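The values are calculated or read from the model by the stated rules, or taken from the named source; none is laboratory data. Small disclaimer: the values here were computed from a predicted structure and weren't measured. Note: ideal-geometry Cβ built from the backbone for every residue, glycine included; neighbour counts use all protein chains shown.
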Amino acid sequence: MTALLEAKNLSKEFVKTEGFFSRTRSSIQALDNISISIKKGITLAVVGESGSGKSTLAKSLIRLVEIDKGSIIFKDKNIRTINGEELKRTRKNIQMIFQDPYASLNPRMKIIKIMEEPLKIHDIGDSAMQYSKILSMIKRVGLVEGDLLKYPHQFSGGQRQRIGIARALILEPELVICDEPVSALDVSVQAQIVQLLKSLQKEFGLTYLFITHDLRIVRHIADEVIVMKDGKLIEQGKTDIIFSKPKTKYTKELLASIPGNLSKRK
């Protein structure tokens, strides 16, 4: 299967300064020589506890975080070395769904404007075409035309995340990075959003990088899994194999912590 994105030897160190009179500096290795390959059309889940480097990895792939070393190849282009219009065109093809549906939507903008913004930035279509695309997408995620004239605070968390998904997909990307997209939602709503993501993936031929700490969700959505700890990649493989025959003690502990011990289910 063809790799859509190949990241090799990614490293990122954050330096933290503490104290007031006596300043001390400490460093955190957020990414420690990480390499991943995301195959076209699959869902690759990245799992690990808070602080494992999952979100740093996700943000580095679209240069929201600049890495210290390594290469990120997307469709034969090294994302680290391109700039300007070329970077803009590449980012159009890699969109992100963020963790917090409350913080990721501008509270002062109506939904129609939130949805229009990426289309205008990338100069896609005239006003009529833009509205047609927006209406089609907002309906596809389970909302209605009247919702376009509302503000984010008028929606529930699950509805806001649907809007975030619609905004990410309006540019017809090939790769969607889902950074803990359901962790801020109630369990019943999580299942609905996961099912929506799976349905959209099938309909539009999407590739997902799915960042999460929740292995229950991984079992339902991922084809392949990467396990991270302290900035290191410690295990990777097909989802079924990771769940049934984990190799590392850390992965076994993560699986054992799942409510109901899903790792033992067939």
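A few remarks follow.
- Test result for residue 203, surrounded by fewer than 14 Cβ atoms within 10 Å (Cβ to Cβ), under 30 Å from residue 133 (Cα atoms), out of contact with any Pro (no Cβ under 9 Å at 6 or more places or on another chain) and not hydrophobic (A, V, I, L, M, F, W, C): yes
- Flag for residue 187 being closer than 28 Å to residue 50 by Cβ and free of Cβ contacts under 8 Å to residues at least 12 places away in the same chain: yes
- For residue 59, the stated conditions do not hold, so it cannot be described as surrounded by fewer than 17 Cβ atoms within 10 Å (Cβ to Cβ), in contact (Cβ under 8 Å) with a residue 60 or more places away in the chain and of a type in the set (Lys, Arg).
- Test result for residue 68, at pLDDT below 90 and within 30 Å of residue 118 (Cα to Cα): no
- Residue ranges of helices (runs of 4 or more DSSP H) in region 76-158 with at least 1 members of a type outside the set (D, E, K, R), crowded, with 19+ Cβ neighbours inside 10 Å and over 20 Å from the mean Cα position of the chain (by Cα): 111-121, 127-140
- For region 30-72, the tally of residues that are assigned to a loop (DSSP other than H, G, I, E, B) and small (Gly, Ala, Ser) stands at 6.
- For region 100-137, a residue qualifies if it is under 19 Å from residue 178 (Cβ atoms), touching a helix residue (DSSP H, G or I) at 6+ places or on another chain (Cβ under 8 Å) and without any contact (Cβ under 8 Å) to a residue 40 or more places away in the chain, and exactly one does: 137.
- Residues in region 51-63 that are farther than 16 Å from residue 181 by Cβ and of a type outside the set (Lys, Arg): 51, 52, 53, 56, 60.
- Test set (1) over 14 Å from the mean Cα position of the chain (by Cα); (2) part of a helix (DSSP H, G or I); (3) free of Cβ contacts under 8 Å to residues at least 60 places away in the same chain - residue 172 fails condition number: (2)
- Residues of region 64-116 classified as touching a Phe, Trp or Tyr at 6+ places or on another chain (Cβ under 7 Å) and within 19 Å of residue 184 (Cβ to Cβ), total: 2
- Within region 207-228, tally of residues that are of a type outside the set (Ser, Thr, Tyr) and in contact with an Asp or Glu (Cβ under 7 Å, 6 or more places away or on another chain): 3
- When residues in region 1-18 are screened for being more than 19 Å from residue 77 (Cα to Cα) and surrounded by 21 or more Cβ atoms within 10 Å (Cβ to Cβ), 1 of them pass.
- Scanning region 38-52 for residues that are of a type outside the set (Ser, Thr, Tyr) and either surrounded by fewer than 16 Cβ atoms within 10 Å (Cβ to Cβ) or over 13 Å from the mean Cα position of the chain (by Cα) (or both) returns 39, 40, 41, 42, 48, 49, 51.
- Yes/no for residue 182 being surrounded by 19 or more Cβ atoms within 10 Å (Cβ to Cβ), touching a Lys or Arg at 6+ places or on another chain (Cβ under 6 Å) and of a type outside the set (Asp, Glu): no
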